[in-house]
Amino acid sequence: MAESRTAAGRRTKNGRSAASRRDLIARSVQSAEQCLRDQDHGTAYAHYLLVLSLAPELKSDFKEVFQYSLFKWTEELYTLNRNQDLFNVYEQAFELFPNDDIICNSMGEQLFRLGFRDEAAGYFYKALKLNPENADAKENFYRIANWLVERWHFIMLNDKKRNLMYQRAIEKAVQAGCKTVLDIGTGTGILSMFAKRARAPHVYACEFSRTMYDLACEVVAANHMQGEIKLLHMKSHDLQVPEHIPEKVSLVVTETVDAGLFGEGILETIIHAWKNLLLEPKSKDFQSERYGQVIPAGAVVFGMAVECPEIRRHHRVIVNEVAGVKLGVQFISPVHSGQKIDDVAEPYSTEKMSRVPGGYKSLSQSFQALTVDFNSLKDLESIASGKTCRIQVQIHEQGQLDCFITWFVLYLDEEHSLSTGPSEETCWEQAVFPIHNLPADGCFLNPGDIVVVDVSCPDCYLRLDLVSIYRGGKSDGASCSNMPSGNETQLCDAMASLYTKPQEDTMQVPCILNPNEIAMLNNTSYHESFKVAINNVISSLVPSNNWTSNGASSTEEYYSDALYVLDVSEGFSILPLIAAQLGKVKSYSSVEEEQHCVTLQKLTEKNGVAKESLEFWLNQLDTDDDVLQRPKSDKLWSIIILDVVEPCGLIRQEVIEKAAIARCLLHSGGRIFPQAVAIYGMLIESPTLLQECVVQGAEPTLGFNIATFINQFKVPVQMFLNLSTLPYVSLSDPLELLRLELMDLCSNSLSLVKEHKVKTCKSGQVTAIPFWYHLHLDEHISLDTSHETSHWKQAAFVLESPLHVDQGEELLLQVHFQNSNISMTLKRPQQ
Ligand code: 44T
């Protein structure tokens with residue numbers, strides 16, 4: 001009976017249960033430890049989970065080992081593809097440690113690799129909030145921030161002129177009677193807020209990116225417009241009346257355009273809107289107060305024929321031979337407007353032409369390539385169905401035809417327009433259509449020549465196809481065909497003669513290299529430097545190249561005293577071939593793509609190099625972890641080439657770790673290339689750079705507070721910079737910030753800090769510290785990643801807030817290098 005249970009009785013029972021609880025905990029701990037020893041991580045995890053649920057007071061003692069078993073177990077679940085179990089395990093872990101930054105960060109990493117990027121970002125962000133010092137979480141957040149919120153958001157929001165134009169056009173439309181507004185692709189919500197500010201009674205906005213939608217919600221609330229703007233996390237194509245918006249709208253506003261105008265799908269978006277979301281358009285026959293309308297009302301795409309050495313060297317292999325290797329293979333970049341040969345093809349790349357290193361030259365005047373009326377469904381459908389316009393472009397300047405560029409004028413209405421032109425004060429980039437299939441020495445044009453281009457938009461992307469070249473003036477002897485002048489009927493298709501002359505391998509598929517790999521192949525001094533440095537090592541190891549010719553009866557025997565060279569460059573690299581040409585060398589290439597292997601083999605053959613001297617590293621490997629192990633246990637490497645710097649200008653992840661392993665695998669007298677990396681930098685003032693990474697308060701966004709929210713996604717390191725054309729003022733001389741000795745056993749650790757006194761040479765605001773590298777192959781040969789022929793871009797560390805300095809002032813610059821990431825702090829020295 002309940003009443004007969006005395007307090008004492010309960011105590012007795014509790015006493016017993018307390019003892020058995022302690023016993024259970026102790027036994028579980030023991031079992032967990034045993035399981036860990038047996039590497040049975042799942043059971044170990046379950047035991048610890050039980051222990052900590054029963055005895056929360058032990059949390060701090062057992063936290064580390066709990067985390068260890070959690071990470072080990074979830075790793076196994078991941079390999080087993082048991083994703084639901086994996087997330088359940090994390091959920092349990094969060095019940096015990098809801099505010100643990102390490103668990104949060106690791107949950108983010110799991111989500112990220114399973115493709116849940118928005119969700120991953122949330123966890124990295126939370127981890128960072130919980131512990132701002134968590135370096136892994138910081139790095140993860142910065143990486144993902146770049147991906148979630150593309151950097152152009154900052155640029156566009158800082159473009160006050162663009163914001164003003166949209167504000168005025170929207171205001172005008174609302175004042176003229178538009179009552180219901182739909183903002184398609186709202187981003188941070190700025191256009192919707194303009195509509196609300198103009199007193200539009202009903203404003204709807206849709207955005208398909210989760211992160212941008214969440215941001216828009218925060219922004220709209222902070223600007224006291226929640227409840228007044230209905231935000232929908234949807235693609236406009238999925239919107240339905242009346243489910244999502246109660247009635248058809250009288251105004252659609254959008255800026256879902258990219259540098260090539262149509263690349264964000266505006267044609268389909270507006271076609272769909274006209275069919276489903278907008279009121280009938282204004283019509284002469286049927287006068288109605290309620291009609292539908294689109295801002296922008298229309299656009300004109302302009303094009304121009306251009307000579308541009310920088311674009312040329314990124315899109316065409318323009319050398320026949322590199323460091324003694326003949327390149328008799330066709331290479332193409334994935335950017336081509338021709339037929340889609342493969343999935344990697346892109347119809348155009350983008351470039352801010354005003355900032356292309358080395359500049360560009362217009363060979364023609366700008367021509368009108370295409371016009372589109374967003375208020376005419378018929379017009380939109382005709383373009384979307386692939387309508388092609390053939391245009392004859394008059395050449396007015398002599399030069400090499402490297403590409404066409406296009407830009408557009410966006411007519412918001414009759415009064416308000418925006419131009420994305422190359423000579424405009426605009427935040428926009430231009431679309432670049434490189435010309436392919438030209439002879440290596442290019443295609444020279446003369447004033448009076450006519451270039452015929454087809455412009456179309458067949459699959460949502462603007463396309464420019466070079467049809468023929470019509471020679472007006474005298475023949476210039478170039479390989480482009482020479483046509484009779486002045487007679488249009490005689491315009492014939494000269495495209496055929498633009499292709500390289502049929503060679504024995506024209507039937508072979510071209511090798512597709514990305515623009516960065518093409519620029520690298522064109523960089524002869526890069527390859528020459530390696531050739532000399534490799535040769536120096538070879539001569540030091542085999543004086544006067546004195547290999548035994550030993551009358552070997554088998555290739556294996558022949559190569560028994562060969563030197564081993566390993567190139568672990570990312571992507572395509574001909575360095576192994578250069579090495580193989582330098583003596584009795586067995587070169588190992590780490591190219592992964594089939595087409596790259598095939599191309600290297602072809603080049604080996606064409607250059608008369610024995611095919612046995614080139615091996616593909618990945619054929620030798622079972623797992624990724626083996627990358628730096630030797631092919632045969634009795635051979636050590638003479639040279640290991642590491643790819644230290646990424647094309648974007650950052651140090652590659654895990655380079656230091658790789659160098660440490662590489663050092664252990666070297667033959668005595670063997671080398672790692674580069675043996676050292678010197679990081680250079682300087683103090684600069686660059687409002688332009690700042691505009692590209694932080695929204696500058698509420699002024700550019702016309703009083704709306706957007707900066708606070710989007711700036712949460714700012715990152716301190718800007719990449720892919722062209723330092724030679726970035727507008728800036730240097731406030732100090734360049735200095736060596738840090739030196740990574742890849743050959744030196746002791747001086748490197750994974751984390752380095754270095755302090756410098758920097759004297760300013762000018763007064764100003766220090767906004768950033770751009771950095772670049774000198775890759776020291778050996779004591780005498782080095783490569784500068786900021787050189788004009790470099791295939792590397794530069795990066796910059798942007799200060800949290802600009803620091804005003806006077807000329808001649810001495811500052812303290814601290815440079816941190818941790819897990820391949822560079823960060824800096826700049827201070828005035830303590831008085
Ligand atoms: N890039 C400009 C593109 N969206 C601009 O999710 C210019 C690039 C640029 N949402 C350098 C400089 C510049 N339904 O958030 C995005 C996107 C969203 C939609 C719902 C739809 N049908 C769509 C289509 C797109 O709209 C937002 C803007 S799109 C592109 C804008 C400074 N590099």
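For the range 758-771, the criterion of being in contact with a Cys (Cβ under 8 Å, 6 or more places away or on another chain) and under 25 Å from Ile144 (Cα atoms) is met by none of the residues.
Pairing residues of the range 28-41 that are in the same structural domain as Val65 (by TED's automatic domain parsing) and without any contact (Cβ under 8 Å) to a residue 60 or more places away in the chain with residues that are hydrophobic (A, V, I, L, M, F, W, C) and open to solvent by less than 40 Å² (accessible area, probe 1.4 Å), at Cβ distances under 7 Å and at least 6 apart in sequence or on separate chains, gives Ser28/Val51; Val29/Val51; Ala32/Ala44; Ala32/Val51; Cys35/Ala44; Leu36/Ala44. Remark: pairs (first residue in the range 200-212, more than 6 Å from the ligand (Cβ to nearest atom); second residue modelled with pLDDT under 95 and among the charged types (D, E, K, R); Cβ separation under 9 Å; 6+ apart in sequence or on different chains) = Arg210/Arg117; Arg210/Asp118; Arg210/Glu119; Thr211/Arg117; Thr211/Asp118.
Residue by residue, here is whether (1) modelled with pLDDT of 50 or more; (2) within 30 Å of Leu582 (Cα to Cα); (3) in contact with a Pro (Cβ under 6 Å, 6 or more places away or on another chain); (4) not polar (S, T, N, Q) holds:
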site: Asn482; (1), (2), (3), (4): no, no, no, no
site: Ser485; (1), (2), (3), (4): no, no, no, no
site: Leu491; (1), (2), (3), (4): no, no, no, yes
site: Leu498; (1), (2), (3), (4): no, no, no, yes
site: Ile518; (1), (2), (3), (4): yes, yes, no, yes
site: Phe530; (1), (2), (3), (4): yes, yes, no, yes
site: Asn535; (1), (2), (3), (4): yes, yes, no, no
site: Leu541; (1), (2), (3), (4): yes, yes, no, yes
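When His233, His244 are checked against the criterion of being within 28 Å of the chain's Cα centre (by Cα), within 14 Å of the ligand (Cβ to nearest atom) and open to solvent by 40 Å² or more (accessible area, probe 1.4 Å), a single residue qualifies: His233. Checked across the range 710-732, the condition of being crowded, with 16+ Cβ neighbours inside 10 Å, charged (D, E, K, R) and at pLDDT below 95 holds for at least one residue.
For the range 247-269: of the residues being assigned to a loop (DSSP other than H, G, I, E, B) and open to solvent by 50 Å² or more (accessible area, probe 1.4 Å), which is nearest to the ligand (Cβ to nearest atom)? First the steps, then the outcome.
At the first step, the residues of the range 247-269 found to be assigned to a loop (DSSP other than H, G, I, E, B) are 247-248, 250, 255-265.
Filter once more, so that each one left must be open to solvent by 50 Å² or more (accessible area, probe 1.4 Å): 247-248, 264.
Values: Glu247: 19, Lys248: 17, Glu264: 4 Å.
Only one residue fits best here, namely Glu264.
The combined condition, being of a type in the set (Phe, Trp, Tyr), in contact with a helix residue (DSSP H, G or I) (Cβ under 7 Å, 6 or more places away or on another chain) and not assigned by TED's automatic domain parsing to the domain that holds Val532, is not fulfilled by Phe797.
Among the residues making up the range 554-570, those that are without any contact (Cβ under 8 Å) to a residue 60 or more places away in the chain and either open to solvent by 20 Å² or more (accessible area, probe 1.4 Å) or of a type in the set (Ser, Thr, Tyr) (or both) are Ser554, Thr555, Glu556, Glu557, Tyr558, Tyr559, Ser560, Asp561.
Inspect the range 217-230 for any residue being within 12 Å of the ligand (Cβ to nearest atom), at pLDDT 95 or above and surrounded by fewer than 24 Cβ atoms within 10 Å (Cβ to Cβ) and give the result as yes or no.
Looking only at the range 217-230, we keep the residues that are within 12 Å of the ligand (Cβ to nearest atom), and these are none.
No, there is no match, as no residue in the range 217-230 is within 12 Å of the ligand (Cβ to nearest atom), at pLDDT 95 or above and surrounded by fewer than 24 Cβ atoms within 10 Å (Cβ to Cβ).
Let me spell it out: the conditions are (1) more than 24 Å from Asp214 (Cα to Cα); (2) touching a residue at least 12 places away in the same chain (Cβ under 8 Å), and Ala127 meets all of them except one. Which number is the exception? Ala127 satisfies every listed condition except (1).
Across the range 159-212, what is the total count of residues that are closer than 16 Å to Asn705 by Cα and assigned to a helix (DSSP H, G or I)?
So in the range 159-212, the residues closer than 16 Å to Asn705 by Cα come out as 159-160, 163-164, 167, 186-197, 212.
With the extra rule that they be assigned to a helix (DSSP H, G or I), the set shrinks to 160, 163-164, 167, 190-197, 212.
Residues flagged as closer than 16 Å to Asn705 by Cα and assigned to a helix (DSSP H, G or I) within the range 159-212 amount to 13.
Of all the numbered requirements in (1) more than 16 Å from the ligand (Cβ to nearest atom); (2) surrounded by fewer than 18 Cβ atoms within 10 Å (Cβ to Cβ); (3) at pLDDT 95 or above, Cys403 misses one, and that requirement is (2).
Counting only strands (runs of 3 or more DSSP E) that sit wholly inside the range 365-471, those with at least 1 residues that are over 22 Å from Arg355 (Cβ atoms) are 367-373, 389-394, 403-411, 417-419, 450-456, 463-470. Please tell me if Glu139 is modelled with pLDDT under 95, closer than 26 Å to Ala32 by Cα and open to solvent by 20 Å² or more (accessible area, probe 1.4 Å). No; evaluated as a whole, the condition is false for this residue.
State yes or no: is Val329 among the β-branched types (Val, Ile, Thr), open to solvent by 60 Å² or more (accessible area, probe 1.4 Å) and at pLDDT below 95? Working first, answer last.
Working: among the β-branched types (Val, Ile, Thr): yes; open to solvent by 60 Å² or more (accessible area, probe 1.4 Å): no; at pLDDT below 95: yes.
Against the criterion (among the β-branched types (Val, Ile, Thr), open to solvent by 60 Å² or more (accessible area, probe 1.4 Å) and at pLDDT below 95), Val329 does not qualify.
Exactly one residue out of Val805, Val753, Val766 is of a type in the set (A, V, I, L, M, F, W, C) and either open to solvent by 60 Å² or more (accessible area, probe 1.4 Å) or free of Cβ contacts under 8 Å to residues at least 24 places away in the same chain (or both): that is Val753. Taking the criterion of being over 25 Å from Ser354 (Cβ atoms) and in contact with a Gly (Cβ under 6 Å, 6 or more places away or on another chain), the only residue of the range 281-319 that qualifies is Pro281. When the range 149-189 is limited to residues that are closer than 21 Å to Leu277 by Cα and under 26 Å from the mean Cα position of the chain (by Cα), the one that is farthest from the ligand (Cβ to nearest atom) turns out to be Gly189.
Quick check on my filter: what residues within the range 199-216 are closer than 25 Å to Leu148 by Cα and either open to solvent by 10 Å² or more (accessible area, probe 1.4 Å) or among the polar types (S, T, N, Q) (or both)?
We begin by selecting, within the range 199-216, every residue closer than 25 Å to Leu148 by Cα; these are 204-216.
Listed by number, the residues that qualify are Tyr204, Glu207, Phe208, Ser209, Arg210, Thr211, Tyr213, Asp214.
Kindly establish whether Ala173 is in contact with a strand residue (DSSP E or B) (Cβ under 9 Å, 6 or more places away or on another chain), open to solvent by less than 20 Å² (accessible area, probe 1.4 Å) and of a type outside the set (Val, Ile, Thr). Yes, satisfied.
Per-residue answers, yes or no, for (1) out of contact with any Asp or Glu (no Cβ under 8 Å at 6 or more places or on another chain); (2) surrounded by fewer than 19 Cβ atoms within 10 Å (Cβ to Cβ):
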{"residue": "Glu310", "(1), (2)": "yes, no"}
{"residue": "Val335", "(1), (2)": "no, no"}
{"residue": "Glu346", "(1), (2)": "yes, yes"}
{"residue": "Ser349", "(1), (2)": "yes, no"}
{"residue": "Lys352", "(1), (2)": "no, yes"}
{"residue": "Ser364", "(1), (2)": "no, no"}
{"residue": "Val372", "(1), (2)": "no, no"}
{"residue": "Lys387", "(1), (2)": "yes, yes"}
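Just to be sure, is Ala707 over 17 Å from Ser823 (Cα atoms), crowded, with 17+ Cβ neighbours inside 10 Å and among the aliphatic types (A, V, I, L, M)? The answer is yes for Ala707.
The values are calculated or read from the model by the stated rules, or taken from the named source; none is laboratory data. Note that the coordinates shown come from a computational prediction; the quantities given were computed from them, not determined experimentally. Note that each Cβ is placed from the backbone with ideal geometry, even for glycine, and that neighbours are counted across all protein chains shown. Keep in mind that these areas ignore ligands, DNA and RNA; they rest on the heavy atoms of the full protein, side chains included. Shrake-Rupley method; radii C 1.70, N 1.55, O 1.52, S 1.80 Å.
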